[in-house]
Structure formats: C-alpha cells, structure tokens
Amino acid sequence: MKRAVAALAAALLCASGASGGAPPHVDQALIDGDATPPKLSAFGLFAANDPARPVASFAYTLETPLFSDYAEKHRFVSIPAGQKAKVRADGTIDFPVGTVIVKSFGWPDWNGGRPVETRLLIHRAKGWVALPYIWDADGKDASLAIAGRRVPVTFKSPDGEAHSIRYGVPNRNQCKECHNLAGTIEPIGPKARNLVLPTAMTDDAKHLYFDNPEALQPVMPRWDDPTSGTVQDRARAYLDANCAHCHNPQGSASNSGLFLRWTDPVGVNYGIGKRPTAAGRGSGGMDFAIQPGDPDHSFLIYRLESLDPGIAMPELGRSTVHKEGAALLRQWISEMPKGE
C-alpha cells in the first residue's frame, strides 16, 4: 500500500506540473462562487474527469491518517494561481480563498479500484464549504450527495478478513460536525505536524504554494511503524488523527473535557484516570477513560471496539472496528504503570 500511495503522489505532482497554481482548466470562478453543482466534473479538478488524473497544485499524504473502514485515500490540493498557503504559529495551515482540498476514498479490491466518493473542502469568501460527491456506477462522473448515502461495498482488510458493509458517505451536517472548530468549518487533516509532501517535490515547487514551507515539520510518527516512534508517541498520533478534531477545547466534543491533540499533556484531561462526564452506555460501566495497565477496563478502548451507534467512537466515519489501531492503544495502556 505504501508503494501505491507513493506512486500516486508522484503522479499527482506530475499532473500539477508544479508551474505556479492550478492549471487554467480548473473552473476557479465556480470554486470562488456560491454554486454547488450537481456533478463533480463541473469544477474541472480531474483531467477528462478521470480520478487517476487530478489537476493538482500538489499532492500530500499524512503521517498518521484518520481510519475510514480501511479505505485508501488519495489527497491533493488546488490553490489558485498566484496565491500561497502559510503555516501558522500553531501548526495549522492558512489556505487562501479559492483553495480546494480534495480527498477520494476507495478500495483496491472493490470496483476495479475506482473511488466510491470524492469529498471537497472549498475555501470561499464566506468560509469553508464541505461537498461530498459519490461516483456514478459507470465511473464517469460523481453526483452531489448533500444528504449523504450508504453505499454497499466489499473488501478485505490487511489481515485478509472479508468485509461487506454499507459504507457511510456523510451528509453535509455531519461534515460540519467533524470539521467544526469554534463554530466554523476548518480543515482537520493537513497540519504541519502531520502533512507529508511528495519526495519528488522540489524546494522551488514548495515555495510556489507555501510562504514558509520550512515550517512543514511532520513531527508525528506513523501509528503503524514501530521505527518511527515509541508506543506512546504512536498511540498519541493515532488519537490526534482519529479523535482530536472533536476532542479539543474548541471542537464538538469540548464539553467532554477529554482533549486528545498531539500537543495536549498526557494527564487527566487526556483520559488517564478521567471519569465519564455523564452516566450512560458509552462508559460501559467503567470508571475511567484510561485505566493505566488495564485496557479491558478503559472505556476509551470499549468505545473504539464497539459498532453500537450509541457507544462507538468515533461516532462517524466507520462501519468496522480498526483492530490494528485498537491493538496499539491496548498495548500503550497495558504498558502504563498501574496507579499512574
């Protein structure tokens, strides 16, 4: 999978030409306006509307991505010509108005590897707008799905287990819920600590799209690569990518008091010895989100391993349990000294 992602990243970079902004056949006027076209092809983000031929300013991957039912995700950004992004002091990225962040979801063993959906996050003058598009059966275009949809898909996870699920494409309100930060929609994946640009991208090309590309420092490890960090650091990277977009002081789960950003201190507010904020099925009758040395009595694990809609965390974006991710967090908690 890593080789496939690297090859796609190189292809995306070639598609961009690294020549100073999105090529002219991207419909920048449509991107900048208020319209929500019923077909993805209207934006001109893919040459001949072929998802394998993106019109990209640059591609990117993430050191540790959000788990989405084992889907492979292909990501790129379109920035209007002459504009640049800037890394803020807190590590978030200020993308200029007119930017489109594009993410396609699919499985290599389903429907010939063609994507199921492509999500757009468009930075317009009034703020960010999230638009989900589901690819039509013939793969020639994708249709706007404001109300979301369940799409039946079959695939195998890395351990060879076969899955048959109704994959959930989020509706517009669900997009807003995950991307909410202090009441506004914001990108959640591309942050300086997690974003990785293609190795083939030259310094000159980076300076075409960023005021300060030297600030792009992906300090988070890969959650699934033991050589990239300690068990704790990899577990924290996993929680940052999968939970912290809601579990932060300005996110939709701020009232939980559970804050799981990479930058948050590992203490009570990180779940260690933290009691539930409200009684309910979500705690499974357990006392603490994280019970050091005892993952079986840590309701953080209980919720990650559940598919019950009233218990499962994250609440959106998965119809399967990420067994490998849960195993990492179990190892982390098991290795904590009891009574920590």
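Observations
- Residues that are open to solvent by 40 Å² or more (accessible area, probe 1.4 Å) and closer than 30 Å to residue 199 by Cβ are absent from region 241-258 altogether.
- Residue that is farthest from the chain's Cα centre (by Cα) [pool: residues in region 296-316 that are surrounded by fewer than 18 Cβ atoms within 10 Å (Cβ to Cβ) and at pLDDT below 90]: 310
- Selected residue (criterion: modelled with the highest pLDDT) from residues of region 6-26 that are surrounded by fewer than 16 Cβ atoms within 10 Å (Cβ to Cβ) and not polar (S, T, N, Q): 25
- Annotation note: of 289, 327, the sole residue that is of a type in the set (Gly, Ala, Ser) and surrounded by 18 or more Cβ atoms within 10 Å (Cβ to Cβ) is 289.
- Tally of residues being touching a Phe, Trp or Tyr at 6+ places or on another chain (Cβ under 6 Å) and within 28 Å of residue 90 (Cα to Cα) across region 275-291: 1
- For region 270-295, a residue qualifies if it is more than 18 Å from residue 314 (Cα to Cα) and either among the small types (Gly, Ala, Ser) or within 24 Å of the chain's Cα centre (by Cα) (or both), and the qualifying residues are 273, 279, 285, 293.
Every residue, every condition in (1) in contact with a Ser or Thr (Cβ under 6 Å, 6 or more places away or on another chain); (2) at pLDDT below 90; (3) in the same structural domain as residue 86 (by TED's automatic domain parsing); (4) under 27 Å from residue 88 (Cβ atoms), yes or no:
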| residue | (1), (2), (3), (4) |
| --- | --- |
| 177 | yes, yes, yes, yes |
| 199 | no, no, yes, yes |
| 204 | no, no, yes, yes |
| 209 | yes, no, yes, yes |
| 230 | no, no, no, no |
| 237 | yes, no, no, yes |
| 240 | no, no, no, yes |
| 248 | no, no, no, yes |
| 267 | no, no, no, yes |
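- Checked against the criterion of being in the same structural domain as residue 120 (by TED's automatic domain parsing), modelled with pLDDT of 95 or more and either assigned to a loop (DSSP other than H, G, I, E, B) or under 20 Å from residue 117 (Cβ atoms) (or both), the candidates 52, 42 yield just one match: 42.
- Looking at 141, 109, 136, 159, just one residue is open to solvent by 70 Å² or more (accessible area, probe 1.4 Å) and either more than 22 Å from residue 314 (Cβ to Cβ) or in contact with a Gly (Cβ under 9 Å, 6 or more places away or on another chain) (or both), and that residue is 109.
The values are calculated or read from the model by the stated rules, or taken from the named source; none is laboratory data. Just so we're clear, the structure is a prediction, and the values are computed from it rather than from any experiment. Glycine also receives a Cβ, built like all others from the backbone with ideal geometry; neighbour counts cover every protein chain displayed. We work out accessible area using only protein heavy atoms, side chains counted, and drop any ligands, DNA or RNA first. Shrake-Rupley method; radii C 1.70, N 1.55, O 1.52, S 1.80 Å.
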